[in-house]
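Below: the structure, in structure tokens.
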Amino acid sequence: MNSRGHNWRQPSYMSSRPQDERHMHRCIELARQAIASGDTPVGSLIVAGDEFVSEGVEAVRARHDATAHAEMEALRTAFARRRSGDLTGCTLYTSVEPCIMCAYAIRLARISVVVCGARGGDGEQAVSGHIVLTDERVAPNHAPPLVIRDVLVEDCQRMRDQRRARRSG
């Protein structure tokens, strides 16, 4: 049992790889697009090895759609392009750690690696996106992905802070 009382195996983590920063820079560019349309600054992309598969920009406010998170948009496009709901072997990059909804969709899609910039705001919750990504019990027939956290975290957090400043100003 961990410090929060959850009973799961220690998730697989590793430090960032050379390509992670390059792809995270693209997520940050996508997050800027989200800010420009009045949305939360989140950008996401999916790659398979060196092959670009899809990308997504947060569009919840722009589309009046609670499911239009950047990760969900990237997943939808990847499913359509690959004509499959199985994204085994793919890596999903996101400028902010996925929420519970997105994390569960990532698990169901069988994404192999998830690379995150800023940490999500639900870390102190009983259930968080991170727990959904890493707890084997959440989706027993879908292995947890390898999770790489805090890639360009300062830049990703700065994007979130810019939006907060705009909203309060």
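Under 9 Å from the Cβ of Ala103, count the other residues' Cβ atoms, weight Lys and Arg +1, Asp and Glu -1, and hand me the total.
On the way: positive: Arg107; negative: Glu71, Glu97.
My count for the surroundings of Ala103 gives -1.
What FRET efficiency would be calculated for the residue pair Gln162, Met101, taking the C-beta separation as r and a Förster radius of 35 Å, to the nearest 0.05? FRET efficiency, Gln162 to Met101: 0.90. Approximating the spin labels as points 7 Å out from Cα along Cα→Cβ, the Ala66-to-Leu108 distance works out to 1.5 nm.
Charge tally around Thr88: other residues with Cβ under 13 Å, Lys/Arg +1 each, Asp/Glu -1 each, net +2. Taking Lys and Arg as +1 and Asp and Glu as -1, the other residues whose beta-carbon sits under 12 Å from that of Arg149 total -2.
How large, in percent, is the carbon and sulfur part of the accessible surface of the stretch 75-156 at a probe radius of 1.4 Å? The partial results should precede the final answer.
Numbers: 1760 of 3400 Å².
Summing carbon and sulfur atoms, their accessible area is 52 percent of the total for the stretch 75-156.
Taking 7 Å steps out from each Cα toward its Cβ at Ser37 and Ala143 produces label points 3.5 nm apart. Beta bridges per DSSP, both residues in the stretch 32-135: antiparallel share near 65 percent.
The values are calculated or read from the model by the stated rules, or taken from the named source; none is laboratory data. For clarity, every value in this text was computed on a predicted model and none was experimentally measured. Every residue, glycine among them, receives a Cβ derived from its backbone with ideal geometry; neighbour counts consider all protein chains shown. What goes into the accessible areas is simple: the full protein's heavy atoms, side chains included, and nothing from ligands, DNA or RNA. Shrake-Rupley method; radii C 1.70, N 1.55, O 1.52, S 1.80 Å.
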